[in-house]
Amino acid sequence: MGRVSQAQAEENRRRVVETASHLFRERGTHVSVADLMKAAGLTHGGFYKQFASKEALIDEATAHAFAELTRRHRNGLEQHGERRDTAQRALIDTYLSPEHRDSPADGCPVAALATDMAREGGDQEARRIYTEGVGDFAQWLTTEDQDGITRLCTMFGALVLARATSGSPLSDEILSTARAALAAGS
């Protein structure tokens, strides 16, 4: 088998990072390199040609997930005519929806990666990226009347509890109650 071109190598790396970003949000960072590479449609042996370690991939995948979140915020602003309050309301409704609850792979890295990041050492790059991402998200949620950290904690807590109770009526009640509480504070 011949060497892959530089362009193909870059595409393979992009695919691995994107796949890892989704798998880590869905199943946690403990996903094996073999499973990850299989999901990306690549061989296990190619991993170490692209990444120094699994930790390096976790760093990149975490950054990718938060970059995706930032793009969604920007797109939301554009869709709502740069009206931040309307974009925030739409984000909260989407965040606290059954669809988001049921799709962690495509969802918010704050909720999906929290447990894994809590286990990371404080000096790990992924944890630094995560912490910065949480701070940025809270800042984006801040209004003149509401603290962004409070809003994010409410959203995060409700989503995690709704996922943990999925399949029961309580799960939907958690989502709707949190949406109503955040709307009342607007």
*State all residues of region 73-87 that are without any contact (Cβ under 8 Å) to a residue 60 or more places away in the chain, in a helix (DSSP H, G or I) and either of a type in the set (Ser, Thr, Tyr) or surrounded by 13 or more Cβ atoms within 10 Å (Cβ to Cβ) (or both); if no residue qualifies, say none.*
GLY76, LEU77, ARG84, THR86, ALA87
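Residue-wise test of (1) open to solvent by less than 50 Å² (accessible area, probe 1.4 Å); (2) of a type outside the set (S, T, N, Q); (3) under 21 Å from the mean Cα position of the chain (by Cα); (4) closer than 28 Å to ALA111 by Cβ.
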| position | (1), (2), (3), (4) |
| --- | --- |
| GLN8 | no, no, no, no |
| VAL16 | yes, yes, yes, yes |
| THR19 | yes, no, yes, yes |
| ASP35 | no, yes, yes, yes |
*Does region 75-123 hold any residues that are under 14 Å from the mean Cα position of the chain (by Cα), under 15 Å from LEU175 (Cβ atoms) and among the acidic types (Asp, Glu), and which are they?*
ASP102
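Please enumerate the residues belonging to region 43-53 that are of a type outside the set (Ser, Thr, Tyr) and open to solvent by less than 40 Å² (accessible area, probe 1.4 Å).
Looking only at region 43-53, we keep the residues that are of a type outside the set (Ser, Thr, Tyr), and these are 44-47, 49-52.
Within region 43-53, GLY46, PHE47, PHE51 meet the criteria.
Just need a number here: residues in region 67-85 that are over 15 Å from ARG14 (Cα atoms) and either of a type outside the set (D, E, K, R) or touching a helix residue (DSSP H, G or I) at 6+ places or on another chain (Cβ under 7 Å) (or both). Write out each step before concluding.
Initially, region 67-85 is screened for residues over 15 Å from ARG14 (Cα atoms), giving 69-85.
Checking the rest, the ones that are also either of a type outside the set (D, E, K, R) or touching a helix residue (DSSP H, G or I) at 6+ places or on another chain (Cβ under 7 Å) (or both) come to 69-70, 73, 75-77, 79-81, 84.
Qualifying residue count for the region: 10.
Hey, can you tell me all the residues within region 21-33 that are on the phi < 0 side of the Ramachandran plot, out of contact with any Phe, Trp or Tyr (no Cβ under 8 Å at 6 or more places or on another chain) and open to solvent by less than 50 Å² (accessible area, probe 1.4 Å)? Walk me through it before giving the result.
Of all residues in region 21-33, those on the phi < 0 side of the Ramachandran plot come to 21-27, 29-33.
Imposing the further condition that a residue be out of contact with any Phe, Trp or Tyr (no Cβ under 8 Å at 6 or more places or on another chain) reduces the set to 21-27, 29-30, 32.
Of everything in region 21-33, those that are on the phi < 0 side of the Ramachandran plot, out of contact with any Phe, Trp or Tyr (no Cβ under 8 Å at 6 or more places or on another chain) and open to solvent by less than 50 Å² (accessible area, probe 1.4 Å) turn out to be SER21, HIS22, LEU23, PHE24, ARG25, THR29, SER32.
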_Against the conditions (1) free of Cβ contacts under 8 Å to residues at least 40 places away in the same chain; (2) charged (D, E, K, R); (3) in contact with a helix residue (DSSP H, G or I) (Cβ under 8 Å, 6 or more places away or on another chain), where does GLU173 fall short? Just the number, please._
(3)
_Selection status of ARG179, in a helix (DSSP H, G or I) and touching a residue at least 12 places away in the same chain (Cβ under 8 Å)_ = yes
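Looking only at helices (runs of 4 or more DSSP H) that lie completely in region 93-155, which have at least 2 residues being in contact with a Cys (Cβ under 9 Å, 6 or more places away or on another chain), open to solvent by less than 40 Å² (accessible area, probe 1.4 Å) and modelled with pLDDT of 95 or more?
Numbers: elements: 98-101, 109-119, 125-141.
Ranges flagged: 125-141.
The values are calculated or read from the model by the stated rules, or taken from the named source; none is laboratory data. As the structure is a computational prediction, the values presented were derived from the model and not from experiment. Counting neighbours? That spans all protein chains shown, and the Cβs are built from the backbone with ideal geometry, glycine included. To get the accessible areas, we keep the full protein, side chains included, count just its heavy atoms, and leave off ligands, DNA and RNA. Shrake-Rupley method; radii C 1.70, N 1.55, O 1.52, S 1.80 Å.
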